[in-house]
Amino acid sequence: MSQAPQVFISYARDGGVSEQTATALHRQLAQAGIAAFRDVENIDPGSHWAAVIEQQILASQLMVVVVSKPALDPQRWVMRECLFAANKRIPIIPLLVEQVELPLWLTHINALDFTQMQPWNRLLVAIGKYVPADMERVVVVPPKSQPRKPETPRPVVIPSPSVTSQQQPDYSPEVQQLLQELQNPQVQPPRRLEIGNRLNAIGDTRPGVGIDVKTGLPDIDWVKIPSGAFTYQNGERLHLDDYYMSRYPVTNRQFQAFETAGGYQSDEWWQGLTKPDSLPNHQWTEGNRPVEGVGWYESIAFCRWLSTQVGKEIRLPTDKEWEKAARGTDGRKYPWGNDYQAGFANINEREGQSIFSLLFSAEWFYLEQTSAVGIYPQGASPYGVMDMSGNVLEWCLNFPKHLSGGNRVLRGGAWSYDAQIVSCTKCYEYAPSNRFFSFGFRLASSS
């Protein structure tokens, strides 16, 4: 490896379309006079493989990731390479070679579609913006087996992972820039708080955060949690059928629709429930923050009201449904893995740290308040459900197992909790009338 690489090619070594495209890309870059790194060609025998990968990513000005189904397997190195590059602020160009649903960590980047044709010239022009290229030396001959079709450029947007191309919001340039900034794992919690507040000030139009302009009802971004077994609590294997979970907790703006519609005046939603004597006192009123200061009774009344408005069952999740949506099927401790990662959730990261760590490390943060939903995308659950650790505790439908005093279950921890007590296995119980500033809720449905 006598020449430092300028472009790092990340791909899945599967013998299929991903590897074939990576090989062709390496050849095209060589023709354009661009130095590139591809593990098969560039790792010397006897070298420490992982160390070489890290060194070569750091030595590159750009990463091109060949996106295929095998490449998105979390057990492969592609995702690790991409996240490492993003951490080091190395630009990434995704190259789609199979029809796949992009994971959250790639949805903010404009991808080039190689599934129908192979627009090498367009790719090389894009690469040439980061590294010098000799385009006159490139001779591109499209394979005869792939008929050429007009290419449809992909819009530069940051959609929710469940949103189809027909539903993609028309974000303003400022909103796009802010959402792109959130995708950078190096952005620290205080800046994330600022971004959330700015989104609220200019109009947060992300799906699932506000109100449907056509109906005036809460716009819920539903995430399907597929049927299957999962690990519950300390190792019990349970099975749940398909159900749906809201991507975010219910926000202030969404709960306000219930208040404005006379939700506290109508007895229809409160049958069998204890209606509070007053409206809730929300400590933080930004429209895109999770509603807090609401009890279990109010959460149930909201669900009854919304179910009637939309004509389908909407309810609180059971604690088992909540836990599967947060942990996935592999029994992880946090939505993102088994270890707490600094800056992955809105919690009190400073609580429980040693004096030495607090004095000499700048990585621990405590915002002392809620924050806009979805501003920690790196903390998403395996299904893409957000804010499952921290921000607000979330009421669940059921009683505790021991039925103590008529309490109800809450899950997820809150902005004031430390890393040990916001794990996906922790259960809390409080009286259903309690309206603390850390209590909120999210929605579920079997429909």
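The values are calculated or read from the model by the stated rules, or taken from the named source; none is laboratory data. As the structure is a prediction and not an experimental result, all values here were calculated from the model. Note that each Cβ is placed from the backbone with ideal geometry, even for glycine, and that neighbours are counted across all protein chains shown. Remember, those area values only see protein heavy atoms, side chains included, never the ligands or the DNA or RNA. Shrake-Rupley method; radii C 1.70, N 1.55, O 1.52, S 1.80 Å.
Observations on the model:
- Only one of 345, 326 that is assigned to a helix (DSSP H, G or I) and either modelled with pLDDT under 95 or in contact with a Ser or Thr (Cβ under 6 Å, 6 or more places away or on another chain) (or both): 326
- Counting the residues of segment 364-379 that are aliphatic (A, V, I, L, M) and over 12 Å from residue 194 (Cα atoms) gives 1.
Here is a yes/no grid of residues against (1) part of a loop (DSSP other than H, G, I, E, B); (2) modelled with pLDDT under 95:
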residue	(1), (2)
369	yes, no
372	yes, no
386	yes, no
390	yes, no
394	no, no
410	no, no
413	yes, yes
425	yes, yes
428	no, yes
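- Condition broken by residue 43, with the remaining ones in (1) open to solvent by 40 Å² or more (accessible area, probe 1.4 Å); (2) at pLDDT below 85; (3) farther than 26 Å from residue 379 by Cα; (4) of a type outside the set (Asp, Glu) satisfied: (1)
- Every residue from segment 385-431 that is at positive phi, in contact (Cβ under 8 Å) with a residue 40 or more places away in the chain and open to solvent by 10 Å² or more (accessible area, probe 1.4 Å): 387
- Inter-residue pairs, beta-carbon under 7 Å, first free of Cβ contacts under 8 Å to residues at least 12 places away in the same chain and in segment 200-217, second in a helix (DSSP H, G or I), 6+ apart: none
- Checked against the criterion of being among the small types (Gly, Ala, Ser), surrounded by fewer than 20 Cβ atoms within 10 Å (Cβ to Cβ) and in contact (Cβ under 8 Å) with a residue 24 or more places away in the chain, segment 239-258 contains not a single residue that satisfies it.
- Selection from segment 122-153 of residues that are modelled with pLDDT of 70 or more and open to solvent by 80 Å² or more (accessible area, probe 1.4 Å): 122, 125, 129, 130, 132
- Test result for residue 187, in a loop (DSSP other than H, G, I, E, B), of a type in the set (Val, Ile, Thr), surrounded by fewer than 13 Cβ atoms within 10 Å (Cβ to Cβ) and out of contact with any Cys (no Cβ under 7 Å at 6 or more places or on another chain): no
- Strands (runs of 3 or more DSSP E) contained entirely in segment 207-276, each with at least 3 residues that are more than 17 Å from residue 304 (Cα to Cα): 222-225, 228-232, 236-240
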